[in-house]
Amino acid sequence: MQERVISALTIAGSDSGGGAGIQADLKAFAAHGVHGLSALAALTAQHTRGVTAVHAPDVGFLRAQIDACIEDFDVRAVKLGMLATADIIHAVADALLHWKPTALVVDPVMVATSGAKLLADDALDALRTRLLPMATVLTPNLPEAELLLGRRIAPGADADAALVELLDLGADGVLLKGGHLAETEVIDRFGSGVLRASFRSRRLPLEGHGTGCTLASAIAANLALGETAPQACRLGTEYIAGALAAGYRPGLGEIVVLDHFWRFRER
């Protein structure tokens, strides 16, 4: 019998426009040679100009999806994305406590591009107390990090200090993404215990869609393949930089969707 291939599971929301969410996660997994699994925690009706509707499935059905994936496949890493309610977060946390995945990447999807808060206060508390202590890597952007810490974060030394504060919330490692920070380059700051690293990339004059989802999934894929957390984050940021530079505009909006398979097109 053929040996099972390495798999990674995304538990997140679906993006009907194909640029972010589950759709982006699965493309990122495929681009890394990892078999992609999905458990839908939310359904969205959206395109390149915005979100028009959101539906959350029954938590019992969500748990059934998670169980079905982990029971049958060789799941080496799990990536979490949009978990809109406290009930969903608790259901996911209960499943993860039961299955104890080797690696867990938590992308705390809490703030819309418009700046609107996507989580109720009880859901934010559940995220902090139940999921962050299980995370191998937490990947907040600036607005999400500010919500988690309850304070504003400035560029430079203050962002370095915020990284330490985020680690105190319980994750083994944190990648504080630099896309929203007013710095000349995009500086993604990684911390894990006593280890600190920064990954720099060129800031492009465009608005990307699905960058956070894709980065977290690329990190999860690299963890599934056996990379350490800092190396998985470094490789993930390099992958995102190339995918964004090769991005395209598929809809009527101005946002750029990532080209997840840019490395194959360069050959």
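Only the coordinates and a few stated rules stand behind these numbers; no lab work does. Not measured: the values here are computed from a predicted model. Here the Cβ is made from the backbone with ideal geometry for all residues, glycine too, and neighbour counts use every protein chain on show.
At-a-glance table
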{"item": "Order of VAL186, VAL59, VAL54 - criterion: other Cβ atoms within 10 Å of each residue's Cβ, fewest first", "result": "VAL54, VAL59, VAL186"}
{"item": "Residue exposure sequence - ARG63, ARG152 - by fewest surrounding Cβ within 10 Å", "result": "ARG152, ARG63"}
{"item": "Relative contact order of the range 167-267, defined on C-alpha pairs under 8 angstrom at six or more residues apart (%)", "result": "21 percent"}
{"item": "Net charge, VAL34 excluded, C-beta distance under 13 Å - Lys, Arg +1, Asp, Glu -1", "result": "+1"}
{"item": "Mean residue ellipticity (222 nm) of the chain, computed from DSSP H runs ≥ 4 via -39,500 (n - 2.57), nearest 500", "result": "-11000 deg cm²/dmol"}
{"item": "Contour minus Cα-Cα distance for VAL164 and LYS100 (0.36 nm per residue)", "result": "20.5 nm"}
{"item": "Antiparallel bridges, percent of DSSP beta bridges restricted to the range 6-265 (to nearest 5)", "result": "45 percent"}
{"item": "Length released on extending from ARG4 to LEU149, taking residue separation times 0.36 nm less the Cα-Cα span", "result": "48.1 nm"}
{"item": "Segment ARG249-LEU43, extension gain: residue separation times 0.36 nm, minus the distance between their alpha carbons", "result": "71.9 nm"}
{"item": "Sequence ranges 132-140, 66-74, ranked by mean other-Cβ count within 10 angstrom, highest first", "result": "132-140, 66-74"}
{"item": "Net charge over other residues, Cβ less than 10 angstrom from the Cβ of PRO108 (K, R count +1; D, E count -1)", "result": "-1"}
{"item": "Inter-part distance where the range 172-200 and the range 48-92 are each reduced to a Cα centre, Å", "result": "27 Å"}
{"item": "Gap separating the Cα centres of the range 1-38 and the range 95-109, nearest whole Å", "result": "15 Å"}
{"item": "The range 6-265, relative contact order in percent, only Cα pairs under 8 angstrom and at least six apart counted", "result": "19 percent"}
{"item": "Total charge dipole magnitude, the chain, about the Cα centre, Cβ charges on Lys, Arg, Asp, Glu only, Debye to nearest 20", "result": "640 debye"}
